[in-house]
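Asks: Can you keep this structure in mind? I'll have questions shortly.
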Amino acid sequence: MNLPPFKLERYFAKYEFNTEYLLCASDCESLSIGELLALDAESADAAEKFQRVWLGYTESQGSPTLRAEICNLYETIQPEDILVHAGAEEAIFLFMFAAFKEYDHVIIHSPAYQSLAEVARAAGCDVSPWRAREENGWSLDLEELRHLMRTNTKAIIINTPHNPTGYLMSRADYDAVHEFAQANKLLLFSDEVYRESEYDPAARLPAGCDYGEHAVSLGVTSKTYGLAGLRVGWIATKNKKLYEKMASLKDYTTICNSAPSEFLAEVGMRNRQKLIERNLGIIKQNLTVIDDLFARTRSLFEWVRPQAGSMGFPRYLRGNVEKFCDELVKHAGVLLLPGSVYGDSNGHFRLGLGRKNLPQAVEKLEEFLVR
Ligand SMILES: Cc1ncc(COP(=O)(O)O)c(C=O)c1O
């Protein structure tokens, strides 16, 4: 297996824990264990129960009560269709190795969270990027998808709401991608880790797994719900064969999940409406700050305003974006993520919208710009 460095993670490794303002985080503002437990209607009870969590091995597929809670995200999914992992990252890893073999071809929404393409390559796949077009609001062209098809194509991998652009696919396009996958007997891996963070809830797409056995939905507590430190992710699928393969591979990675994290993830998912309301409130407030900033700095930045999620992918119009990000973090303590970590060479950078201190970060950014 040959896995090159995960560029985004290596960039974060340099700055994440020594920089004051993370203006490029993909996750929403987190909270403490105490704050999470206090969200629960029976909070005294939840705190009490947390003390009694047993620290033995847990059920490999995830605790039945956590899986039952996760099922509430879906229409047709049962607890036995959910496989819980250590973050969405482990689920991506196991999916790629369970689903593919050498010389399979996969089509991947691009730019992409690097592991979606890289782990597929490491599993031996030939990967074709299906490019999001900025000139069309970062949308994907279905005609292009038809052209990317080969006789050995095994899967389409999409991510909507999208990291890093905040693009939300239209219902018509989403239905068409599912129809295309079904008609061509392809798997559809639907990375939905930013689902339930749509600015207009009416635009929320159905979960992929509810379309049928061809589809796998990827979810996680990290992003919309702001609980990244739990490291709890999952896949939901009615594809039993694939489920079993992934479950069997998990014996070689983490075997089972962390018991305290499973308990807290269950509390989080039970109270997810409260977390969504809180985090969307932060995002929407931050969007007004960014709208104002970009109105004041039209000659420096332009963007396609995101429709969902906790980030956008603006373009820096005054030269080398890597140098800009580098100087910004060194002189102002504000971290942006240059698009090069996504293989982008058009001056884009990732802007995070989910953190409470965004207004202060923007102040620092503007002071830096004036200097
Ligand atoms: C699109 C996408 N998928 C998967 C993941 C992995 O999530 P986690 O780090 O919580 O495992 C991320 C994290 O940034 C992501 O943006």
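Asks: For a quick check: with amide H placed at 1.01 Å from N, whose amide H comes under 5 Å from TYR316's, ignoring anything fewer than 5 positions away on the same chain?
Replies: HIS348, PHE349
Asks: Shifting gears a bit: Output ³J(HN,Hα) for segment 187-204: one whole-Hz value per residue in order, computed from phi by the Karplus curve 6.51 cos²θ - 1.76 cosθ + 1.60 with θ = phi - 60°, and x for Gly and Pro.
Replies: With coefficients 6.51, -1.76 and 1.60, one gets 7, 10, 9, 10, 7, 10, 5, 9, 4, 6, 10, 5, 5, 10, x, 5, 8, 4 Hz.
Asks: Shifting gears a bit: Along the positive direction of the dipole of segment 1-139 (beta-carbon charges: Lys, Arg +1; Asp, Glu -1; about the Cα centre), which of LEU73, ALA41, ALA88 reaches farthest?
Replies: Result: ALA88, furthest along the dipole toward the positive end.
Asks: For segment 242-371, what is the charge dipole size about the Cα centre, in debye to the nearest 20, if Lys and Arg each add +1 at the Cβ and Asp and Glu each add -1 at the Cβ? Write out the running numbers ahead of the final one.
Replies: Values: 19 positive and 15 negative charges, 52 e Å.
About 260 debye.
Asks: Which pairs, out of LYS7/LYS223; LYS14/LYS323; LYS14/LYS245, put more than 26 Å between their alpha-carbon atoms? Provide the component values of the computation, followed by the final result.
Replies: On the way: LYS7/LYS223 20 Å; LYS14/LYS323 15 Å; LYS14/LYS245 36 Å.
In this structure, LYS14/LYS245 exceed 26 Å between Cα atoms.
Asks: Compute the distance from the alpha-carbon center of segment 221-275 to that of segment 142-207, in whole Å.
Replies: Centre-to-centre (Cα) distance: 22 Å.
Asks: Between GLY226 and residues 5 or more places away or on another chain, which pairs have amide H atoms under 5 Å apart, with H built 1.01 Å from N, and which residues are they?
Replies: CYS28
Asks: Looking at segment 129-265, send over the antiparallel percent of its DSSP beta bridges, to the nearest 5. Before the final figure, lay out each step's value.
Replies: On the way: 6 of 15 bridges.
In segment 129-265, DSSP labels about 40 percent of beta bridges as antiparallel.
Asks: Please list the non-local residues whose amide H lies under 5 Å from the amide H of ALA308, H modeled 1.01 Å from N, same-chain partners needing a gap of 5 or more.
Replies: TYR199
Asks: Per the Kirkwood definition applied to all pairs of different Cα atoms, how many angstroms is the hydrodynamic radius of segment 210-251?
Replies: Values: mean 1/r = 0.0870 Å⁻¹.
For segment 210-251, inverting the mean 1/r across all distinct Cα pairs yields 11.5 Å.
Asks: I need the semi-axes of the equivalent ellipsoid of the chain: take the C-alpha gyration tensor, multiply each eigenvalue by 5, square-root it, list largest first in whole angstrom. List each step's numbers first, then the result.
Replies: Numbers: eigenvalues 194, 149, 70 Å².
Gyration-tensor ellipsoid for the chain: 31, 27, 19 Å.
Asks: Fewest first, what order do ASP210, ASP344 take by the number of other Cβ atoms within 10 Å?
Replies: Taking fewest neighbouring Cβ atoms as first place, the list is ASP210, ASP344.
Asks: Just to check I understand the Karplus step: with θ = phi - 60° and J = 6.51 cos²θ - 1.76 cosθ + 1.60, what whole-Hz values come out for segment 324-336, glycine and proline as x?
Replies: Per-residue couplings from phi come out as 4, 5, 4, 5, 4, 5, 6, 9, 10, x, 10, 9, 10 Hz.
Asks: With a cut-off of at most 16 other beta carbons within 10 Å, and DSSP calling the residue loop, which chymotrypsin sites (Phe, Trp or Tyr not before Pro) in segment 62-111 qualify? Please list them.
Replies: Numbers: sites: TYR74, PHE93, PHE95, PHE97, PHE100, TYR103; in loops: TYR74, PHE100, TYR103.
Sites meeting the loop and neighbour criteria: TYR103.
Asks: Could you calculate the FRET efficiency of TYR103 with ARG146 from 1/(1 + (r/R0)^6), where r is the beta carbon distance between them and R0 is 25 Å, rounded to 0.05?
Replies: 0.70
Asks: Kindly provide the helix-only [θ] at 222 nm of the chain, computed as the sum of -39,500 (n - 2.57) over DSSP H runs of four or more divided by all residues, to the nearest 500 deg cm²/dmol?
Replies: Values: 13 runs with 148 residues, N = 371.
For the chain, the value works out to -12000 deg cm²/dmol.
Asks: If you don't mind, another one. Expected output is a single nm value to one decimal: the length gained when fully extending between THR297 and LYS323, i.e. 0.36 nm times separation in residues minus the C-alpha distance. What is it? Walk me through the numbers on the way to the answer.
Replies: Numbers: separation 26, 0.36 × 26 = 9.36 nm, distance 1.84 nm.
Net length gain for the segment: 7.5 nm.
Asks: Given Cβ point charges of +1 (Lys, Arg) and -1 (Asp, Glu) and nothing else, what value in debye, to the nearest 20, does the dipole of segment 157-310 about its Cα centre take? Please list the in-between numbers first.
Replies: Details: 19 positive and 18 negative charges, 52 e Å.
Taking the Cα centre of segment 157-310 as origin, the dipole is about 240 debye.
Asks: Just to be sure I understand: of the beta bridges DSSP finds with both ends in the chain, what percent are antiparallel, rounded to 5? Present the calculation step by step, with values, prior to reporting the outcome.
Replies: Details: 19 of 40 bridges.
Percent antiparallel among DSSP bridges in the chain is about 50.
Asks: What is the dipole size for the chain, taken about its Cα centre, with +1 at each Lys and Arg Cβ and -1 at each Asp and Glu Cβ, in debye to the nearest 20? Show your work: numbers first, answer last.
Replies: Numbers: 41 positive and 51 negative charges, 125 e Å.
Value, rounded to 20: 600 debye.
Asks: Mind listing which trypsin sites (Lys or Arg not before Pro) in segment 30-92 are in a DSSP loop and have 15 or fewer other Cβ atoms within 10 Å? Present the calculation step by step, with values, prior to reporting the outcome.
Replies: On the way: sites: LYS49, ARG52, ARG67; in loops: ARG52.
Answer in residue order: ARG52.
Asks: Write out the trypsin sites (Lys or Arg not before Pro) in segment 162-218 meeting two conditions: DSSP loop, and at most 10 other Cβ atoms within 10 Å of their Cβ. Mind showing how you got there, number by number?
Replies: Working: sites: ARG171, LYS185, ARG195, ARG204; in loops: LYS185, ARG195, ARG204.
Those that pass, being in a loop and sparsely packed, are LYS185.
Asks: On to the next question. Which order results if LYS223, LYS245, LYS238 are arranged by neighbouring Cβ count within 10 Å, fewest first?
Replies: Working: LYS223 28, LYS245 16, LYS238 19.
Going from least to most buried by this count: LYS245, LYS238, LYS223.
We did not get these values from a lab; they are worked out from the coordinates using the rules stated. All of these numbers come straight from a predicted model, not from anything done at the bench. We place every Cβ from the backbone using ideal geometry, glycine too, and count neighbours over all the protein chains shown.
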